Structures are given as C-alpha cells and as structure tokens.
Amino acid sequence: MSTNSETHYAERIGWLRAAVLGANDGIISTASLVVGVAAAHAARGNVLIAGVAGLVAGTMSMAAGEYVSVSSQADTEKADLAREMRELEEDHEFELKELASIYVDRGLEPQLAKQVAAQLMAHDALAAHARDELGLNEIHTARPIQAALASAVTFAVGATLPLIITLLSPERLIVPVVAGGSLVCLALLGTLAARAGGADIAVGATRVTLWGALAMVATAGVGALFGTAV
C-alpha cells in the first residue's frame, strides 16, 4: 500500500482543463451573444431567447466536442499500449535495453539503469514502458465521459450568469451591465482556476478577462451595425 499522500496540481489537469474551458466559454459566448443581440436594439425577451438558445446549443456542443476529442486521445493511448504489449511479447530483451537507455539519458549509470529497468519490468513491464517511454500515467489518462460532463455542466453554469444579469438589468442598460457583470465573473473564474492549478492569480484573471472583453466588443459592434442597418 502506497504511503505517498501528497496532492499535486498535475492531478487536477484533466477535470480542471475541461471545467475551466466550459465555464469560460459559457460566460464569454453567452454574454457576447446577449450583448450583440441587445446592441441591435432587440427587446429583452428576444435577447433572453437568443441567450437560452445559445446556452442549450453550447452545452451540447461542449459535451460532444470534449467527448469526441478526448475519445480520440484515449483511442491513441490504447493503440500505443497495444503496440507496446506486442513489442514486449516479441522482443523482451530489446524492450529492456530500450527502457534502460531511457534511464541512462535521465542520469543513471548504465549498470544501475539496467537493474532498475529489469526490476520495474519484472513488476509490470507494460506500466513501466507506458510511463517512461510513452509518457502515459493515471494522472493524464484520457477520460472522455468525465471531460464531457465537466464541460457541459460548467458551460451551462457559466452561461446562466449572463442570462441572470440580463433578466435583472434595466432593458436600456443591458449591454453595459451584462458586459461589466460578465467581466467580473470572468475575472473571478480566472482567479479560482489559477488558485486551483497553482498558477499566478493576476495572470490567470487578466488573460481570461481580456479575451472576454475582446469578444464582447466584437459582437457589440456587429449588433450595432446590423441594428442600424435594419
């Protein structure tokens, strides 16, 4: 039984990436959609309908996209493991030398590297090659369903925030209130994500807020242009 109880930030990469991506897209895409439609002088009801439609479509799109993307990664990992298993069965000695050479490149003496490789392969040859030759381990293993659910749920939560702000703000102030409120939400999201991942908080909050602002400026410009034309 392992006595290593340390928790590392890398263990959060799988779900954290999907969750942050989902929430970030939910806020930015829905807020941008709302701002764009409102800038075209649409009534609050029409703005909300567009926003809800964006929430539903975005949630399904995020789930499908993450599932397909991560499933492709999982298929690649399985193919690599199957090939490695065949190679171990066909030429065990060559695989031992290959693993030992990896440890030599990392700084071990050749004799020690060979001993380490032999012991690890005696314990679990496939796991040793998967980890040290292919770079695969439990932390980074692709989990399609987990990624899809995390993205879908967090997108829906993120997309709900601009809609709530739209519902509560005065109709003539939808654009500035939704934009401002959504940027605050993005800054908080960037801060939380940075803290969870052990990254710099200021950098995390700034970059997500900046891209959100650019997206809303672009859609507001499009909405205003079409609203004037119509």
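Of SER151, SER169, HIS123, whose Cα points farthest to the positive end of the dipole of the chain (charges on the beta-carbon: +1 Lys, Arg; -1 Asp, Glu; origin at the Cα centre)? The residue sitting most towards the positive pole is SER169.
For segment 71-81, putting each phi into the Karplus relation 6.51 cos²θ - 1.76 cosθ + 1.60 with θ = phi - 60° gives couplings of 5, 5, 5, 5, 4, 5, 4, 5, 5, 5, 5 Hz, in residue order, rounded to whole numbers and with x for Gly and Pro. The charge dipole of the chain, taken about its Cα centre with unit charges on the Cβ atoms of Lys, Arg (+1), Asp and Glu (-1) only, comes to about 1580 debye. Taken one residue at a time, the phi angles of segment 183-190 give Karplus couplings (6.51, -1.76, 1.60, θ = phi - 60°) of 5, 4, 4, 5, 4, 5, 4, x Hz. Gly and Pro are set to x.
Find how much the distance from ARG106 to TRP211 grows on full extension, using 0.36 nm per residue of separation minus their present alpha carbon separation; answer in nm with one decimal. Before the final figure, lay out each step's value.
Working: separation 105, 0.36 × 105 = 37.80 nm, distance 3.97 nm.
Contour length minus Cα-Cα distance gives 33.8 nm.
Length available on full extension from ALA82 to GLU133: 0.36 nm per residue minus the Cα-Cα distance, which gives 17.0 nm. Sorted largest first, the spans of the alpha carbon positions of segment 78-193 along the three principal axes are 75, 28, 18 Å.
Which one of TYR103, ALA50, MET85 has its Cα pushed farthest toward the positive end of the charge dipole of the chain, where Lys and Arg give +1 and Asp and Glu give -1 at the Cβ? Looking along the dipole axis, the top candidate is ALA50.
Taken one residue at a time, the phi angles of segment 57-66 give Karplus couplings (6.51, -1.76, 1.60, θ = phi - 60°) of 4, x, 4, 5, 5, 5, 4, 5, x, 5 Hz. Gly and Pro are set to x.
Would you kindly give the portion of the calculated P(r) for the chain that falls above 29 Å, as a percent of all Cα pairs? Could you put the intermediate results ahead of the total?
Working: 12359 of 26335 pairs.
It works out to 47 percent of all Cα pairs.
Adding -39500 (n - 2.57) for every DSSP H run of four residues or longer, then dividing by how many residues the chain holds, sets the calculated 222 nm ellipticity at -29500 deg cm²/dmol. Restricting the calculation to Cα atoms, segment 38-124 yields a radius of gyration followed by a Dmax of 26.2, 76 Å.
Between GLN73, GLN146, GLN111, the GNM of the chain built on Cα springs shorter than 10 angstrom shows GLN111 fluctuating the most.
For segment 110-176, with all protein chains present and a 1.4 Å probe, just round the carbon and sulfur fraction of the accessible area to a whole percent.
Numbers: 2460 of 3760 Å².
Carbon and sulfur together cover 65 percent of it.
Which translational diffusion coefficient, to the nearest whole µm²/s, is obtained for segment 17-81 from the Stokes-Einstein equation, given a Kirkwood hydrodynamic radius over C-alpha pairs, 20 °C and 1.002 mPa s?
Values: Rh = 13.5 Å.
Value of D from the Cα-based Kirkwood radius: 159 µm²/s.
The values are calculated or read from the model by the stated rules, or taken from the named source; none is laboratory data. Small disclaimer: the values here were computed from a predicted structure and weren't measured. Cβ: placed from backbone, ideal geometry, glycine included. Neighbour counts: every protein chain shown. With ligands, DNA and RNA removed, areas are computed over all heavy atoms of the protein, side chains included. Shrake-Rupley method; radii C 1.70, N 1.55, O 1.52, S 1.80 Å.
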